[in-house]
Amino acid sequence: MKRYSVIELLQSEKTIEDITLKGWVRTFRSKRFIALNDGSTIKNIQCVIDFENTNESTLKKINTGAAIAVTGNLVKSLGKGQNLEIQVENIVILGESDPEKFPIQPKKHSFEFLRENAHLRIRTNTFGAVMRVRSALSFAIHQYFNHNGFYYVNTPIITGSDAEGAGEMFKVTTLDIENTPKTEEGKIDYGKDFFGKETNLTVSGQLEAETYAMALGKVYTFGPTFRAENSNTTRHLAEFWMIEPEVAFNDLDANMDLAEDFIKYVIGYVLENCKNDLEFLDQRLQQEEKSKPMNQRSDMALIEKLQFIIDNNFRRVSYTEAIDILKNSKPNKKKKFQFPVNEWGVDLQSEHERFLVEKHFKSPVILFDYPANIKAFYMRLNDDGKTVRAMDVLFPGIGEIVGGSQREERFEVLKEKIDVLGIDEKELWWYLDTRRFGTAVHSGFGLGFERLVQFTTGMGNIRDVIPFPRTPQNAEF
Ligand code: ATP
Ligand code: MN
């Protein structure tokens, strides 16, 4: 007897005899109707059993969460709510689930409660939908780059350079931390550590990716990234996944074009391929919005918002122009911002980014040409001598989703920047080599994968879009 998945059966154009189906019981009512889910789709399939011919002990074990196998026929349903259903001939309990103890009951649970049960929360509609969309986005990302001539590069997770992330990196060591070897000056002797030097988990694959772009032309990374920043926000994780394309001969305009085209493609892919899950998430969000005060509700439903992203150009605005807008904005004049905007040069906070996106432009915004001293050392200096070719893509509800730049390709300018910042040149000799040998204009960006999943699924907290979130004081599972 052939085994089918729920999605295959629900999409079937005709009735099918002699099928097998395995999955988990979502609900069981009237001793007759089992709603069965196997993860292949958000939809359950209705399995109708003949309870008079099913023994009592089996009936007792058809509980929410139990794994079962059914055999029978796919038939036209007479009831309302579904076109097809399974007429069950035989049912086998594969794995029992104690209804008193199984935490995931067929009722509404809070996301906080479900986070504590992250190993089981995936059995709910919401998390099933989110994780299927996450998977589809991931596939679309590889597909986009593959279709556009990019090579996938795997940059190291353990890194020996700490130039980028000073202070917010996780150390990697095999030294006995209770009894570390010391140098003559009494400092920890990392020469005795596994790698013979200090090492950390990477905060970005960019510097290594740049070396590959300078040979393969168009490359991207897609891997885990670690930041020991103590940001307890709804948008920060200590372990997250980042996509970092890097392209030789692209200037900042081409970089902005790439970011916009790329984001539109992957969101379009999900709209096309995850309809059932998005419809569910759209409904869920509308319910959630109803519990908020009127003035905090979003103007658009989820699917509408995704479509809006695809149909509209991202507004490109220089940092200088943005500062003018913010300085003269109502919330700034009425002292509503926690961080007032008084002068050119200040770093933008998430409240400012969200004002620009959600209130002022009412569309995604790409801010570019930031002050040099609030951005990283490798960004290309403009002729004005005070701004760099940086760009941040800002999204409604999320704030920064992409950070990128045109890179400083001029050896002398880069070298001076490194010296001024007091970064040891020896740390970056290999990076500087790319500017010594065949240097060229190049650009790239980093997109936080979970922020993209958050936006696409409408989930409010980044902890609910990654299977097992790592955050300060939390590494369960
Ligand atoms: P933010 O100001 O929001 O902390 P950032 O300036 O530190 O972001 P970048 O260093 O430019 O971010 O990293 C590139 C992208 O990675 C960001 O645009 C964001 O999408 C994502 N990102 C950064 N930090 C985190 C984090 N802690 N958790 C999840 N995603 C993150
Ligand atoms: Mn940050």
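The values are calculated or read from the model by the stated rules, or taken from the named source; none is laboratory data. A quick note: this is a predicted structure, and the numbers were derived from the prediction, not measured. Ideal geometry is used to build each Cβ from the backbone, glycine not excepted, and the neighbour counts take in all protein chains shown.
Structure above, values below:
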quantity: Qualifying positions in segment 7-54 - surrounded by 16 or more Cβ atoms within 10 Å (Cβ to Cβ), within 16 Å of ASN83 (Cβ to Cβ) and of a type in the set (S, T, N, Q); calculated: THR41, ASN44, GLN46
quantity: Unmet criterion (only one of (1) away from ligand 1 (no atom under 16 Å from the Cβ); (2) part of a helix (DSSP H, G or I); (3) more than 30 Å from LEU36 (Cα to Cα)) for ILE141; calculated: (1)
quantity: Residue selected from segment 274-300 under the condition buried (at least 16 other Cβ atoms within 10 Å of the Cβ) and at pLDDT 95 or above, by the criterion nearest to SER135 (Cα to Cα); calculated: CYS274
quantity: Given (1) in contact (Cβ under 8 Å) with a residue 12 or more places away in the chain; (2) more than 16 Å from ligand 2 (Cβ to nearest atom); (3) more than 17 Å from the chain's Cα centre (by Cα), number of the condition GLU229 does not satisfy; calculated: (2)
quantity: Exclusive hit being in contact with a Pro (Cβ under 6 Å, 6 or more places away or on another chain), under 24 Å from ILE310 (Cβ atoms) and surrounded by 17 or more Cβ atoms within 10 Å (Cβ to Cβ), set GLY448, GLY458, GLY444, GLY404; calculated: GLY444
quantity: Positions within segment 309-350 being free of Cβ contacts under 8 Å to residues at least 40 places away in the same chain, surrounded by 12 or more Cβ atoms within 10 Å (Cβ to Cβ) and part of a helix (DSSP H, G or I), in sequence order; calculated: GLU321, ILE323, ASP324, ILE325, LEU326, LYS327, PRO331, ASN332
quantity: Complete set of residues in segment 207-254 that are over 19 Å from TYR378 (Cβ atoms), part of a loop (DSSP other than H, G, I, E, B) and acidic (Asp, Glu); calculated: GLU229
quantity: Index of the failed condition, PHE377 passing every other in (1) over 30 Å from ASN276 (Cβ atoms); (2) touching a residue at least 40 places away in the same chain (Cβ under 8 Å); (3) not in a loop (DSSP other than H, G, I, E, B); calculated: (3)
quantity: GLY23 vs. criteria under 30 Å from the mean Cα position of the chain (by Cα), in a loop (DSSP other than H, G, I, E, B) and under 30 Å from SER135 (Cβ atoms); calculated: no
quantity: Any hit, segment 338-350, residues being touching an Asp or Glu at 6+ places or on another chain (Cβ under 8 Å) and away from ligand 1 (no atom under 16 Å from the Cβ); calculated: no
quantity: Restricting segment 422-439 to residues that are over 32 Å from the mean Cα position of the chain (by Cα) and in a helix (DSSP H, G or I), the residue that is nearest to ARG316 (Cα to Cα); calculated: ARG435
quantity: Any hit, segment 400-420, residues being modelled with pLDDT of 95 or more, more than 26 Å from LEU281 (Cβ to Cβ), in contact with a Ser or Thr (Cβ under 8 Å, 6 or more places away or on another chain) and within 13 Å of ligand 1 (Cβ to nearest atom); calculated: yes
